[in-house]
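The values are calculated or read from the model by the stated rules, or taken from the named source; none is laboratory data. The structure presented is a predicted model; accordingly, all values stated were derived computationally and were not measured. Please note that ligands, DNA and RNA were not included when accessible areas were found on the heavy atoms of the full protein model with its side chains. Shrake-Rupley method; radii C 1.70, N 1.55, O 1.52, S 1.80 Å.
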Amino acid sequence: GGFNFAPSRVLHDVPYDTMGLPHLFFGEELSMAVRLFTHGYNLYAPKETVCYHLWSRAHRPTPATQKRREARKEQQKATSQSTVKKQLQGDVSMIGETFGLGKDRTVSEFAEHLGVDFSTQQFVREGWEYGDLSKDNFVLSDDPNGAVFPEDSFQAKIASLDSKSKALIGKFLQGIDL
């Protein structure tokens, strides 16, 4: 996942774990980032948004909302999440494994570089609650997780809509005739 550019060699050095993280939607990008970093790859991000991905699922049904999930899928998802947590904790048993961590740099260096504490799931740099931006540049959404978005972003504009408008946009995006 994500928006990545790299030499093709990266696929050999740090292959994408297509089989070991089943049913994981949130977390595969962070897994790849920590694995790339510990294998010696530097990661960069543009200063401006160059592409957009609509993360919200409110406008379209997902398999989870269309039918009950099977217990096996939930267990596989939990196992995948546990694997990513072990990676972010620097579990030494994962170093050198095919889909594991590299030996060039540590997970601690990765966390320090990002300014985060993975064990507490918090930014540890003063003033980084909103990354490198001022809190004034964000608006709160009605997302139950308290998500914030840059005030001029598409996400903020959607978050500021009333529920009827959101429902209409959701139906439009689902392709349902009104």
**Q.** Calculated from backbone phi, Karplus (6.51, -1.76, 1.60) coupling profile of region 28-36 in Hz, x at Gly/Pro
**A.** 5, 5, 5, 4, 5, 4, 5, 5, 4
Q | Built amide H within the under 5 Å cut-off of residue 101, gap 5+ | A | 95, 96
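At a 1.4 Å probe radius, carbon and sulfur cover how many percent of the accessible area of region 1-49? Let's see the in-between values first.
Numbers: 2090 of 3440 Å².
Ligands and nucleic acids excluded, carbon and sulfur reach 61 percent.
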